[in-house]
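Asker: Following this message is one structure expressed as structure tokens.
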Amino acid sequence: MTDRIVLRRPDDWHAHLRDGDMLATVAPFTARQFARAIVMPNLVPPVTTAEAAHAYAARIRKAAGPGFEPLMTCYLTDASDPDAIERGYKEGAWVAAKLYPAHATTNSAHGVTDVGKIAPVLERMQRIGMKFLVHGEVTDKHVDIFDREAAFIDRTLARLVRDFPGLKIVFEHITTKEAADFVAAAPANVAATITPHHLMIDRNAIFEGGIRPHLYCLPIAKRSHHRTALRKAAVSGSPKFFLGTDTAPHAVHAKEAACGCAGIFNAPVALEAYARVFDEENALEKLEGFASLFGPAFYGLPPNEARIALVRANATAPERVPGPAGDIVTYLGGQALGWRIEAA
Ligand code: NCD
Ligand code: ZN
């Protein structure tokens, strides 16, 4: 049994770091394990301009401390301008742009109402090599919430992949076998991130003994066979699948409410949780590719030189983290993690 593995320092290719006092609370949890993170732009108001992205990056650097590099993203709207997006990319304001279908998830009200409207933006991004990050769910209320990701592939994503054959696309936080199969069969310009929670829970967990608001996120966890497919994809060694936690903190009152927010705060336990999954799959030797190599390769960035160690240990996840508007409940809070991060 392997009790200690050393990996290149990983990166998080999908994180919500929020802003203000919440940012100050949560950023150190991401920075303790990851050297870089793709930072989601769904603030209020969303990050749509290069100026806003530069300013937000500076606030993140301050909150996270030295040695952490935020990789910024631009929030796409119906009004996004190809020239402004390209300018922001060339001057280093952002490395990618994020598609939120309007009203698909938290803070997506300003998102895109019809992908046809951003075709000129996607053409430009394809030309300049800027990455296109996709929240892949239809927003049609007639589609069952558990089917919205699969429907998005059929209605939108398959066509985008066909129409923009050179566009580098990341299908974010995939939750279904359909998504894993689609990405595996797609050309090399299409990849996906997978969260720790979608590798661990299925939809039963959300209703175990009562409603569990802290396991509610979007896309919502699906049936057990989907989790099996995601695990298989994550440990497959395919460079198309890499780490993206989708850590999405909300104060406890916003989660434990009549209409609770979607989002799971996993930054305090993310890498340990991935290690547990890879260990359960007898695939610890595949963890470095997933966590530290395939993401940088897709984004055209060098992997990190620093190393960290994961050590088998009797570590327990913190239940809660005190935040500016009340506690933030941690994913796996109070449970045995099985692994601890150490300096290599
Ligand atoms: C995210 C958030 O809270 O910002 N919530 C979530 O459930 N994942 C938004 C998102 O990524 O969908
Ligand atoms: Zn997200």
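The values are calculated or read from the model by the stated rules, or taken from the named source; none is laboratory data. All figures in this text were calculated on a predicted structure; none of them were measured in a lab. Counting neighbours? That spans all protein chains shown, and the Cβs are built from the backbone with ideal geometry, glycine included. Areas reflect the complete protein model, heavy atoms only, side chains present, ligands, DNA and RNA absent. Shrake-Rupley method; radii C 1.70, N 1.55, O 1.52, S 1.80 Å.
Asker: With every protein chain left in place, what is the accessible area per residue of the chain in square angstrom, probe 1.4 Å? Each step should come with its number before you reach the end.
Answerer: Details: 13600 Å² over 344 residues.
In whole numbers, the chain has 40 Å² accessible per residue.
Asker: Would you work out the charge dipole size for the chain about its Cα centre, treating the Cβ of every Lys and Arg as +1 and the Cβ of every Asp and Glu as -1, and quote it to the nearest 20 debye? Numbers along the way, then the final one.
Answerer: Working: 38 positive and 38 negative charges, 83 e Å.
For this selection, approximately 400 debye.
Asker: Gap in Å between the Cα centre of region 224-259 and the Cα centre of region 106-185?
Answerer: Centre-to-centre distance over Cα atoms comes out at 17 Å.
Asker: Using the scaling law 2.2 N^0.38 Å as the reference, what is the normalised Cα Rg of region 227-331?
Answerer: Relative to the 2.2 N^0.38 Å estimate, region 227-331 comes out at 1.24.
Asker: So, one more: The chain: percent of C-alpha pairs farther apart than 26 Å?
Answerer: On the way: 25871 of 58996 pairs.
Within the chain, distances greater than 26 Å cover 44 percent of Cα pairs.
Asker: Ranked from highest to lowest mean number of other Cβ atoms within 10 Å per residue, what is the order of the peptides 139-150, 28-39, 123-134?
Answerer: Numbers: 139-150: 15.5, 28-39: 23.3, 123-134: 19.4.
Result, highest mean first: 28-39, 123-134, 139-150.
Asker: Provide, as a two-decimal number, the C-alpha radius of gyration of region 283-344 over 2.2 N^0.38 Å, N being how many residues it has.
Answerer: Details: Rg = 15.5 Å, N = 62, 2.2 N^0.38 = 10.6 Å.
Normalised by 2.2 N^0.38 Å, the Cα Rg of region 283-344 equals 1.47.
Asker: Mind scanning Lys98/Lys286; Lys90/Lys222; Lys255/Lys286; Lys141/Lys240 and naming the pairs with a C-alpha gap bigger than 32 Å?
Answerer: On the way: Lys98/Lys286 28 Å; Lys90/Lys222 39 Å; Lys255/Lys286 34 Å; Lys141/Lys240 30 Å.
Over 32 Å Cα-Cα: Lys90/Lys222; Lys255/Lys286.
Asker: As I understand it, the dipole of region 138-278 uses +1 on the Cβ of Lys and Arg and -1 on the Cβ of Asp and Glu, about the Cα centre. Which of Ser224, Val143, Asn266 lies farthest toward its positive end?
Answerer: Checking the options against the dipole of region 138-278, the answer is Ser224.
Asker: Helix-only estimate, please: 222 nm mean residue ellipticity of the chain, summing -39500 (n - 2.57) across DSSP H runs of length 4 or more and dividing by its residues, to the nearest 500.
Answerer: Value at 222 nm, helices only: -8500 deg cm²/dmol.
Asker: On to the next question. Out of residues 5 or more away from Trp339 or on other chains, whose amide H comes under 5 Å of its own, with H placed 1.01 Å from N in the peptide plane?
Answerer: Residues meeting the criterion, in which the H sits 1.01 Å from N, are Ala313, Ala315.
Asker: Show the residues, 5+ positions off or on another chain, whose built amide H is closer than 5 Å to the amide H of Val112.
Answerer: For Val112, the qualifying residues are Tyr100, Ala102.
Asker: How large a share of the accessible area of the chain, in percent, is made up of carbon and sulfur atoms when the probe is 1.4 Å and the other protein chains stay in place?
Answerer: Values: 7170 of 13600 Å².
Carbon plus sulfur share of accessible area: 53 percent.
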